[in-house]
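I'd like to ask some things about the structure below.
The values are calculated or read from the model by the stated rules, or taken from the named source; none is laboratory data. The shown structure was predicted, so the numbers you read here are calculated from the model rather than taken from an experiment. Here the Cβ is made from the backbone with ideal geometry for all residues, glycine too, and neighbour counts use every protein chain on show.
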Amino acid sequence: MTLIFYNNIYLSSKKQHAFKMECISIFNMLKIGIGPSSSHTLGPWRAAEEWIHTLENSNILNQVTSIKVDLYGSLSLTGKGHATDLAIQLGLTGSDPEQIPVDDIKPIIDNINKSQQIKINGKYKIDFNSKEAIVFNRDFLPFHSNGLKFSAFKNDSLISSEIYYSIGGGFVVQEEHTGEKEKAVIYSSFPYPIQTAKELEKYCREKQLKISDIVLENEKSLRTNSKIDAEIQRIWDTMLECMYIGCHTEGKLPGGLNVRRRAYDIHQKLKGETPYTNHKEWVVSIRNTEVKFRQILKWVSCFALSVNEVNASLGRVVTAPTNGSAGVIPAVLMYYLVIENHKADFKHIKQFLLVAGEIGSIVKKGATISAAMGGCQAEIGVSSAMAAGALTELLGGTPEQVMIASEIAMEHHLGLTCDPIGGLVQIPCIERNAMGAIKAINAAELALDTDSHNIKVPFDKVINTMWETAKDMHTKYKETSEGGLAVSVNIADC
């Protein structure tokens, strides 16, 4: 199966004629969307959007009288806990996950349920009973664990049927043919086409440039520097706002597990009496707070927890590289800004996110960022590797040391399973972000003290090992809630 990436969707070969081959930009890896899951919420949402746009472009959307959506595999097994059914309905209405006001989500869904109708793409109203129209099938489709099929009918006649796969991080594949796994190919227009960590290091040596410099040159082949800066600023603002909201929101998370938000309580104990009125003043106030080692650990954990508590509440986060692992990168970047370098500015934020995004894309090309394919090693493991490498460059590390840091962080997440209790992105997911962030900082420090000539395990070898481990891992440990904590903990006791 040959895949092309365009506008958040991988296109099958029948739609490729208008496009060059795929490039994974850092903005493909760091996408703004609604929680709680990039593969189970954002991906299905995008697939629904793409499908209705296809129907409209084919001039058949106005003929549709009913719709059916079949969910398969992991999407079916944990879809309720991940709000997959809600995401599909929002996607069918044409709502944009990047722009929709979070407070509008519940009223839109409530209106659909009450009226038993849905306005497709905001234009055509049809009868729609979500409990009948969205079917949770337990069986798996062949290409990927996260499969979904959209069917449109004119009266009783089928007029459209398309299968999509949500392959992690909000990336979506439209099925035409299947293959062993998703493969990434590079735009020929990239000045520095990168498939592996070894290739990236080679460019850095030859050009005597930092990793962020190489990545920036590639990004500039797709958009202007001003647009790159604007998008990075938008991503960071979303991350910062997410941390701020999480640290200032108390109560319990939705879903029935009665999980109490902890970021609020931790933050209240840490912040003291320093005044501030918004999230930008908040950063300054934290910088002015005296911290010791134990407090540093608490601050980093607080930042990570805050993001994933917002994510678990259908809030807006940045995939990094997924929603379930969205807290690691902002927590580590915030650590740098408020602990390591009080003079840090946008230049440092840009540098960090350029490096992090590229590391994530290399892992995606060589393995997977989907927990449904690889377990949590493919989410928290990858996010920790991204953050570790990015922090290492900011701390003055060489490109080789950046790769060492990423390797250390990834290596020590190998085999990590995905076993969410109740199919919710809460236990153990939220805490794992805090652990991944702490490991990333530790990995960076270890890498800075490592002689790159003495490296024993290259990053590419760890990426390959992660993929081999993913293939060996039993399905019940891959975001199905059929193994691990998901079955050993009784939801009724929570």
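When you look at Ala470, is it in contact (Cβ under 8 Å) with a residue 12 or more places away in the chain, assigned to a helix (DSSP H, G or I) and either over 22 Å from Thr319 (Cβ atoms) or touching a strand residue (DSSP E or B) at 6+ places or on another chain (Cβ under 7 Å) (or both), yes or no?
Details: in contact (Cβ under 8 Å) with a residue 12 or more places away in the chain: yes; assigned to a helix (DSSP H, G or I): yes; either over 22 Å from Thr319 (Cβ atoms) or touching a strand residue (DSSP E or B) at 6+ places or on another chain (Cβ under 7 Å) (or both): no.
Spelling it out, it is not the case that Ala470 is in contact (Cβ under 8 Å) with a residue 12 or more places away in the chain, assigned to a helix (DSSP H, G or I) and either over 22 Å from Thr319 (Cβ atoms) or touching a strand residue (DSSP E or B) at 6+ places or on another chain (Cβ under 7 Å) (or both).
The rows are residues; the columns are (1) part of a helix (DSSP H, G or I); (2) buried (at least 18 other Cβ atoms within 10 Å of the Cβ); (3) among the basic types (Lys, Arg); (4) without any contact (Cβ under 8 Å) to a residue 60 or more places away in the chain.
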{"residue": "Lys280", "(1), (2), (3), (4)": "yes, no, yes, yes"}
{"residue": "Val291", "(1), (2), (3), (4)": "no, no, no, yes"}
{"residue": "Val300", "(1), (2), (3), (4)": "yes, yes, no, no"}
{"residue": "Leu305", "(1), (2), (3), (4)": "yes, yes, no, no"}
{"residue": "Val310", "(1), (2), (3), (4)": "yes, yes, no, no"}
{"residue": "Gly324", "(1), (2), (3), (4)": "no, yes, no, no"}
{"residue": "Ile329", "(1), (2), (3), (4)": "yes, yes, no, no"}
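Within the range 364-407, how many residues are under 21 Å from Cys429 (Cα atoms) and assigned to a helix (DSSP H, G or I)?
18
Out of the residues in the range 96-134 that are surrounded by 16 or more Cβ atoms within 10 Å (Cβ to Cβ) and either of a type in the set (Asp, Glu) or under 24 Å from Val310 (Cα atoms) (or both), which is nearest to the chain's Cα centre (by Cα)?
First, pick out the residues of the range 96-134 that are surrounded by 16 or more Cβ atoms within 10 Å (Cβ to Cβ): 97, 100, 105, 108-109, 112, 118-121, 124, 126, 128, 130, 133-134.
Restricting the remaining residues to those that are either of a type in the set (Asp, Glu) or under 24 Å from Val310 (Cα atoms) (or both) gives 97, 100, 105, 108-109.
Values: Pro97: 13, Ile100: 18, Ile105: 20, Ile108: 24, Ile109: 24 Å.
That would be Pro97.
Every residue in the range 214-237 that is polar (S, T, N, Q) and either within 21 Å of Val462 (Cβ to Cβ) or not in a helix (DSSP H, G or I) (or both), please.
To start, the set of residues in the range 214-237 that are polar (S, T, N, Q) comprises 218, 221, 224-226, 233.
Hits for the range 214-237 are Ser221, Thr224.
Pick from Asn464, Asn433: which is at pLDDT 95 or above, over 22 Å from Leu200 (Cβ atoms) and outside any loop (DSSP other than H, G, I, E, B)?
Values: Asn464 fails: over 22 Å from Leu200 (Cβ atoms).
Of the residues listed, the single one that is at pLDDT 95 or above, over 22 Å from Leu200 (Cβ atoms) and outside any loop (DSSP other than H, G, I, E, B) is Asn433.
At least 2 residues that are modelled with pLDDT of 90 or more and farther than 21 Å from Leu71 by Cα in each: list the strands (runs of 3 or more DSSP E) lying fully within the range 121-213 that qualify. Write out each step before concluding.
Values: elements: 124-127, 134-136, 146-154, 157-168, 171-174.
By residue number, 124-127.
Can you tell me which of Ile235, Ile228, Ile286 is touching a residue at least 12 places away in the same chain (Cβ under 8 Å), surrounded by 15 or more Cβ atoms within 10 Å (Cβ to Cβ), within 27 Å of His82 (Cβ to Cβ) and not acidic (Asp, Glu)? Walk me through it before giving the result.
Working: Ile228 fails: within 27 Å of His82 (Cβ to Cβ); Ile286 fails: within 27 Å of His82 (Cβ to Cβ).
Going through Ile235, Ile228, Ile286 in turn, just one is touching a residue at least 12 places away in the same chain (Cβ under 8 Å), surrounded by 15 or more Cβ atoms within 10 Å (Cβ to Cβ), within 27 Å of His82 (Cβ to Cβ) and not acidic (Asp, Glu): Ile235.
With Glu445, Glu479 as the choices, which residue is acidic (Asp, Glu) and closer than 30 Å to Ser212 by Cβ? It would help to see each step written out before you state the result.
On the way: Glu479 fails: closer than 30 Å to Ser212 by Cβ.
The unique qualifying residue is Glu445.
Give the residue that is farthest from Ser306 (Cα to Cα), with candidates limited to residues of the range 443-460 that are in a helix (DSSP H, G or I) and touching a helix residue (DSSP H, G or I) at 6+ places or on another chain (Cβ under 8 Å).
Here is the first cut: in the range 443-460, the ones in a helix (DSSP H, G or I) are 443-448, 452-454, 459-460.
Remaining after also requiring touching a helix residue (DSSP H, G or I) at 6+ places or on another chain (Cβ under 8 Å): 443-444, 446-448, 452, 459-460.
On the way: Ala443: 22, Ala444: 23, Leu446: 27, Ala447: 28, Leu448: 29, Ser452: 35, Phe459: 30, Asp460: 32 Å.
The residue in question is Ser452.
Thr93 fails exactly one of the following numbered conditions: (1) in contact with a Gly (Cβ under 7 Å, 6 or more places away or on another chain); (2) exposed (fewer than 14 other Cβ atoms within 10 Å of the Cβ); (3) of a type in the set (S, T, N, Q). What is the number of that condition?
(2) is the only condition that Thr93 fails.
On the given criteria, is Lys31 among the charged types (D, E, K, R) and at pLDDT 95 or above? Please lay out each step first, then the result.
Details: among the charged types (D, E, K, R): yes; at pLDDT 95 or above: yes.
Judged against the criteria, Lys31 is a match.
So which helices (runs of 4 or more DSSP H) are wholly in the range 66-120 and hold at least 2 residues that are over 26 Å from Gln426 (Cα atoms)? Working first, answer last.
Working: elements: 74-77, 84-92, 105-115.
Ranges flagged: 105-115.
Taking interchain pairs and intrachain pairs at least six residues apart, which have beta carbon atoms under 7 angstrom, with the first residue in the range 251-273 and closer than 12 Å to Phe303 by Cα and the second modelled with pLDDT of 95 or more and surrounded by fewer than 19 Cβ atoms within 10 Å (Cβ to Cβ)?
Note: pairs meeting the criteria are Tyr264/His248; Tyr264/Thr249; Tyr264/Glu250; Ile266/Lys298; Leu270/Lys298.
Another question, if that's okay. Considering only the range 431-450, I want to know if a residue exists there that is among the acidic types (Asp, Glu), surrounded by fewer than 20 Cβ atoms within 10 Å (Cβ to Cβ) and more than 18 Å from the chain's Cα centre (by Cα). Step through it out loud before you land on a result.
To start, the set of residues in the range 431-450 that are among the acidic types (Asp, Glu) comprises 431, 445, 449.
From what's left, surrounded by fewer than 20 Cβ atoms within 10 Å (Cβ to Cβ): 431, 445, 449.
Next cut, more than 18 Å from the chain's Cα centre (by Cα) only: 445, 449.
Within the range 431-450, one or more residues are among the acidic types (Asp, Glu), surrounded by fewer than 20 Cβ atoms within 10 Å (Cβ to Cβ) and more than 18 Å from the chain's Cα centre (by Cα).
May I pose another question? Would you say Val338 is aliphatic (A, V, I, L, M) and in contact (Cβ under 8 Å) with a residue 60 or more places away in the chain? Even if it seems obvious, please write down each step before you answer.
Details: aliphatic (A, V, I, L, M): yes; in contact (Cβ under 8 Å) with a residue 60 or more places away in the chain: no.
No: the conditions fail for Val338.
Give the number of residues within the range 454-467 that are of a type in the set (D, E, K, R) and either touching a Gly at 6+ places or on another chain (Cβ under 8 Å) or closer than 19 Å to Ser384 by Cβ (or both).
Step one: of the range 454-467, the residues of a type in the set (D, E, K, R) are 456, 460-461.
Narrowing further to those that are either touching a Gly at 6+ places or on another chain (Cβ under 8 Å) or closer than 19 Å to Ser384 by Cβ (or both): 460-461.
Here the count works out to 2.
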